[in-house]
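Written out below as structure tokens is the structure these notes cover.
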Amino acid sequence: MADPRLKDEAGRLAALQRYEVLDTPHEAAFDRITGLVKTVFQVPISTLSFIDAERQWIKSCVGISATQMARDVSFCAHTIKGREPLFIPDTTQDARFAKSAFVTGDPFVRSYLGVPLATPDGYNVGSLCAVDVVPREYSSAQVEILRAFAALVVDELELRRIAQTDFLTGAVTRRGFTLEMEKTLARFRRSGHPAALLMLDIDHFKQVNDTYGHPAGDMVLKTVARGLADKLRVSDTLGRLGGEEFGIVLQDVEHEPAVDTAERLRCHVESLEIPNEPDLRVTASFGISTLNPQIESVEQWLALVDEALYEAKRGGRNRVCVAAGMDAGVRMSGR
């Protein structure tokens, strides 16, 4: 019987995007798994890769320094075509790979064992593989061990999805938001796609808790988060950075449109009616910084926008302030 998930490329790519793992930094949890594969199978090379639309992107590896390669020359791109492991005992005897540059040249791949990374809903998003520079045979027990390691990778990805959502507001957690910033910065360096970072703080939030109680404060957080999310595009990311502070990554937006968006969001927050007895209204202060080549790290980007947010609060709150050096200015409707 045909397996529809193996033919559904759009669904597969959507499943991959849900993990938000592409173009993220190395992480110890995944590096431990590739290290174990290298040790257990006694191979010089092990990679954990994800197959994007046109590339193989390597999340973790030992034995090679590559971070990505074209999908059409990838061994792992063949692995995701089926449910069973892909085993090639001698690449020079396999018509699909005998003339590959990775076989005839560095790293001189001679044998390959790859297991697809299958999501709980049945999409193969990548592979975990063991690679040797000599012909190899693997026992059925060894293949099952690699399957188990691949299952650990998927379990880690699923746990990350759960951990990256704030239970109260539905926004991504600070960890998930930082990963999104890392990806955005890497994308900017690679292809110059513009982006902007917004940070906002609900004004006088402590007074809401002190006057109406913490349930009212929770309702403020949920209503503001929902209101912001409703005004964002699918490509944008809303994160709760802590307490009453939120961050927003706006993708593919230049400076002026980003400032206009921040102002619209500020006005929208001001207009929200928050259920309570009596109903509440709040305002928010915004800082904003668009990406530029001088921004070299997530920490630097956060520091810039945090200083702009501080200026908005110090200047009277309920306003948008732009980071220094970014056509600095203020959009405000102060009370």
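Results, tabulated for the structure shown:
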| read-out | value |
| --- | --- |
| Matching option when the condition is at pLDDT 95 or above, touching a Cys at 6+ places or on another chain (Cβ under 8 Å), among the β-branched types (Val, Ile, Thr) and crowded, with 18+ Cβ neighbours inside 10 Å, among Ile51, Ile58 | Ile51 |
| Single unsatisfied condition, Gly227 versus (1) assigned by TED's automatic domain parsing to the domain that holds Leu291; (2) of a type in the set (Gly, Ala, Ser); (3) over 22 Å from Asn276 (Cα atoms) | (3) |
| Boolean, Asp236 is more than 27 Å from Gln17 (Cα to Cα) and of a type in the set (Asp, Glu) | no |
| Complete set of residues in segment 183-207 that are under 20 Å from Leu309 (Cα atoms) and either of a type in the set (Asp, Glu) or part of a helix (DSSP H, G or I) (or both) | Asp201, Asp203, Phe205, Lys206, Gln207 |
| Test set (1) buried (at least 17 other Cβ atoms within 10 Å of the Cβ); (2) closer than 28 Å to Arg189 by Cα; (3) among the hydroxyl-bearing types (Ser, Thr, Tyr) - Thr67 fails condition number | (1) |
| The lone exception for Val131 - which of (1) out of contact with any Asp or Glu (no Cβ under 9 Å at 6 or more places or on another chain); (2) free of Cβ contacts under 8 Å to residues at least 60 places away in the same chain it fails | (2) |
| Residue list for segment 178-227, filter: surrounded by 19 or more Cβ atoms within 10 Å (Cβ to Cβ), among the small types (Gly, Ala, Ser) and over 20 Å from Ile288 (Cα atoms) | Gly217 |
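The values are calculated or read from the model by the stated rules, or taken from the named source; none is laboratory data. All of these numbers come straight from a predicted model, not from anything done at the bench. Quick reminder, even Gly has a Cβ in these numbers, built from the backbone with ideal geometry, and neighbours come from all protein chains shown.
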